[in-house]
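Report on the structure given below.
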Amino acid sequence: MLSKHRNVVYFIEGLGLGITAGCALGILYSPQAGKRTRRQIARTVADGVDYVASRAQDTTEHLREGALRLQDEAKDLLDRGQTVIETGKARLEDAIETGRNLYRRAAR
């Protein structure tokens, strides 16, 4: 049990030492001053926000165009369906009339 406790303590000490050494090396080898780095980060974030906004606008336009295209296709299908129904109705009425005429002739 004591061995496990020591391992955890050594791990935490090593982790702390590694973080401290990493921060120190980062400060020592930093390519530019903090103020400049903050400006660069702010500029990068602003560019990222602009990019996301642009992509969102492009996506919105693409979806709007797709919706309009689907709406037009739906209208075309509805028109074609109505035409088919009207044609079928007219043929059915003609067939019924022809059947009546044939029945009348046969009944005479």
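Residues in the chain average 94 Å² of solvent-accessible surface per residue, probe 1.4 Å, ligands and nucleic acids excluded.
What is the helix-to-structure angle for 34-107, meaning the angle in degrees between its Cα long axis and the longest Cα principal axis of the chain, kept from 0 to 90 and rounded to the nearest 10? The helix 34-107 is inclined about 10 degrees to the chain.
When Rg and Dmax are taken over the Cα atoms of the chain, they come to 39.4, 117 Å.
The values are calculated or read from the model by the stated rules, or taken from the named source; none is laboratory data. Predicted, not measured: the structure shown is a model, and the values here were computed from it. Note: accessible area is taken over every heavy atom of the protein model, side chains too, but ligands, DNA and RNA are not part of it. Shrake-Rupley method; radii C 1.70, N 1.55, O 1.52, S 1.80 Å.
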